[in-house]
Amino acid sequence: NKGNYEHYMQKEIHEQPESLTTTMRGRLIRGGTCKAKTVLLGGLKDHLKTIRRSRRIVFIGCGTSYNAALAARPILEELSGIPVTMEIASDLLDRQGPIYREDTAVFVSQSGETADTLHALEYALQNGALCVGITNTVGSVIARKTHCGVHINAGAEIGVASTKAYTSQIVVMAMLALAIGGDAISNQARREAIIDCLFDLPNKVREVLKLDQEMKDLAKLLIAEQSLLMFGRGYNYATALEGSLKVKEVALMHSEGILAGEMKHGPLALVDESLPIVVIATHDACFSKQQSVIQQLHARKGRLIVMCSRGDAAAVSLGGACSRVIEVPQVEDCLQPVVNIVPLQLLAYHLTVLRGYNVDQPRNLAKSVTTE
Ligand code: UD1
Ligand code: M6R
């Protein structure tokens, strides 16, 4: 049921304030006078000790689910102190990469049925790792075969392009980081700030959804382009990858997410006055580095579309040199990817509609990829 919306993708983008609320329901504890703010993940509470003792945490997934794990990686490293590595499921299998008994392997899958992820799970089980699922589908094969896990509870996702599952996955993995981090005094203030931010996150997503018309206007500007680059770094490298995945899979436009730190190692050669480039430069510890990326792209006459935190427009637009500035509300750095992806989802949606393609069922793709 699409309700008042024309497409499932549109509905699922706009219902993110609600899906995020459901994801967090019953799992955040505000704390009374003597109780600390904390998170409770029912499916993991008996396994946290084992996870904390593991030598490494390995995230495994495909497509958008992989990108969500990439977005959560920095906060998990920070709060757990455990090395976190990333594996695209098919690549892990191609290499038969090492997975050990001392590893915690986290399988991220909206459908819980993706063949590559499932086969990687079977491989990790054989190797004796603790296998944790982050899934949206209760009763799915990945949910059943993992030792334990967390349901993201985002509600059924119908559009082939994953949108609301992505933001709920990031929130669950941030909560996972908080749960593994436990109650160490050293990062108590940081943890409480993140929990406060989680409570308010649905409101921030509601705010950023108001950019709908602005993104439609931007889509009109880009409708006939061949290609669109997206530069991100740190917490928002994942935003660049996921934004470009949305654009290519539904709008059928070539798009590439690029790690801004790699710019001079190749991608800079592509920059000219015609190729549009989205730069994600919201305020965090990498901000000044991103400002310098903007300057260098501008020096090569790049056609820049910059996403920045509200109030930073002047600091990123180089006196009007950028063709567009997208201002978003600022949240805790580790949750900023949840806010930042929304305008890019809207952009991909409007580009698709304007270009006349099928939004909910892009050619050649299936919602659940059950063959390798
Ligand atoms: C559970 C109930 C929820 C109820 C809540 C009350 C289910 C599915 N969930 O939610 O309806 O409101 O208790 O406290 O009945 N699991 C995996 N792999 C996965 C995902 C989950 O093994 O990929 C396991 C978990 O370890 C857990 C069970 O499935 O044993 C349910 O997980 P989840 O729904 O996340 O647990 P709760 O949030 O506690
Ligand atoms: O169901 P899963 O999360 O395991 O699916 C993984 C990918 O197939 C999926 O995210 C795919 O990349 C989407 N079409 C992206 O929008």
Accessible area per residue, Å², the stretch 194-300 with all protein chains present, probe 1.4 Å: 40 Å²
List the residues, sorted by chain then number, that are 5 or more residues from Val279 or on another chain and whose placed amide H is less than 5 Å from its amide H. Phe231, Ile305, Val306, Met307
Label zone at Asn127, where the point sits 7 Å out along the Cα-to-Cβ direction: the stretch 86-112 residues whose backbone N lies under 20 Å: 86-109
So Ala269 and Arg95, fully extended at 0.36 nm per residue minus their Cα-Cα distance, gain in nm 59.5 nm
Based on DSSP H assignment, which helices of the chain show an axial Cα extent of at least 20 Å together with a mean Kyte-Doolittle hydropathy greater than or equal to 1.0? 164-181
Going by amide H atoms built from the backbone, whose H comes under 5 Å of the H on Gly97, apart from near neighbours? none
Which ³J(HN,Hα) values, rounded to whole Hz and listed in residue order, are derived for the stretch 135-148 from phi using the Karplus coefficients 6.51, -1.76 and 1.60 in 6.51 cos²θ - 1.76 cosθ + 1.60 with θ = phi - 60°, glycine and proline given as x? 10, 9, 10, 5, x, 5, 5, 5, 4, 6, 7, 6, 5, 6
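Mind giving me the FRET efficiency for Glu18 and Gln213? R0 is 30 Å, r the Cβ-Cβ distance, nearest 0.05 is fine.
0.90
Between Arg310 and Ser186, take the C-beta separation as r, use R0 = 35 Å, and let me know the FRET efficiency to the nearest 0.05.
The pair Arg310/Ser186 has a calculated efficiency of 0.65.
Grab the Cα-Cα distance for His119 and Arg25, subtract it from 0.36 nm times how many residues apart they are, and report the gain in nm with one decimal.
Working: separation 94, 0.36 × 94 = 33.84 nm, distance 3.13 nm.
Working it through step by step, the gained length comes to 30.7 nm.
The values are calculated or read from the model by the stated rules, or taken from the named source; none is laboratory data. Just so we're clear, the structure is a prediction, and the values are computed from it rather than from any experiment. Methodologically, a virtual Cβ is constructed for each residue, glycine included, from the backbone with ideal geometry; neighbour enumeration extends over all protein chains shown. Side chains included, ligands, DNA and RNA excluded: accessible areas come from the protein's heavy atoms. Shrake-Rupley method; radii C 1.70, N 1.55, O 1.52, S 1.80 Å.
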